[in-house]
Amino acid sequence: MNLADALETIGQSASTLLGVLGLFDYTQNIYFYIKDSNRRFLWMNEPLRRHLGANGMAECLGKEDHDFFSPDLVFRYHQEDNAVIASRRPLLNQPWLVPERKERPKWFLSSKIPLFDSEGKVVALAGIMQNLAHDFTVGHPFGEMQTVIDYIVEHYHERISVEQLASLIFLSPRQFQRRFRYLFHVSPGEFILKVRLDAAVRLLVESESSVTQIAHQCGFFDNSHFTRQFKSKMAISPIQFRKKFT
């Protein structure tokens, strides 16, 4: 399969998209990709290929998540992919803690959108991951929230109130919640929960800490609260997740 053939499988003009997609090779701190409905990669931009250690597009086309990522990440990536395909709606600005090659994990914002053929069938999805360590400019949609996101990422293990976050950017709690939901499509509380669960997943896989210890390290009130939230989002318990992926 070559790139032109891959693009034709999602019902798009290869000649048009080739030039547009090439622009993503020059982005910084952004990973961009397209997968077909069977989760095979049809496109990756150069920064993502470099991150995965691929020497060129030929090494990526037709590959799947499990060819590049650990089983626990594949499990969670597929959860999101399935949600996008089933709902036929975008899933925008989700926080993710992502392992980096030979580096500490980094926080990203992930967005995925469904792609349709001429008959309205979901045949692929496109995704983008943006490094949260990047300094957004004032004109960037997330520029005003940079301080808030930095605070959440650094203090997710502590109790965080809406009032605290709102004060960081000089908004009332009501104004802040409205603006936050507009940008991230979730409430501040839901965003914080996702950050905490991502951190917990990494500890379950990479550490020998007990589930109770991990619950406290990630800002949950107690083990039962942590287990309820984890099972609600992951469909399995923390103990089951650890047994499955370690």
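The values are calculated or read from the model by the stated rules, or taken from the named source; none is laboratory data. Please read all numbers here as calculations on a predicted model, not as lab measurements. So basically every Cβ, Gly included, is an ideal-geometry build from the backbone, and we count neighbours across all protein chains shown.
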Which listed residue, of 205, 162, 153, 211, is under 22 Å from residue 91 (Cα atoms) and buried (at least 16 other Cβ atoms within 10 Å of the Cβ): 153
Residue check, residue 220 farther than 22 Å from residue 74 by Cβ, in contact (Cβ under 8 Å) with a residue 12 or more places away in the chain and of a type in the set (Phe, Trp, Tyr): yes
Residue tally, condition farther than 21 Å from residue 98 by Cα and at pLDDT below 95, over segment 195-219: 0
Residue list for segment 161-218, restricted to those being over 21 Å from residue 108 (Cα atoms), among the small types (Gly, Ala, Ser) and outside any helix (DSSP H, G or I): 161, 172, 207, 209, 210
Residue check for residue 174: among the charged types (D, E, K, R), farther than 24 Å from residue 28 by Cα, in contact with a helix residue (DSSP H, G or I) (Cβ under 9 Å, 6 or more places away or on another chain) and modelled with pLDDT under 95: no
Residues being under 27 Å from residue 234 (Cβ atoms) and not small (Gly, Ala, Ser) - total across segment 166-199: 17
Meets criteria (at pLDDT below 90, β-branched (Val, Ile, Thr) and either within 23 Å of residue 76 (Cβ to Cβ) or surrounded by 14 or more Cβ atoms within 10 Å (Cβ to Cβ) (or both)) for residue 186: yes
Cβ pairs under 8 Å, 6+ apart, first in segment 55-67 and in contact (Cβ under 8 Å) with a residue 12 or more places away in the chain and of a type in the set (D, E, K, R), second in a helix (DSSP H, G or I) and surrounded by 14 or more Cβ atoms within 10 Å (Cβ to Cβ): 65/73; 65/74; 65/77; 65/78
Long-range neighbours under 9 Å by Cβ, at least six apart or interchain, first residue free of Cβ contacts under 8 Å to residues at least 60 places away in the same chain and farther than 23 Å from residue 219 by Cα within segment 159-186, second assigned to a helix (DSSP H, G or I) and small (Gly, Ala, Ser): 172/166; 174/166; 175/166
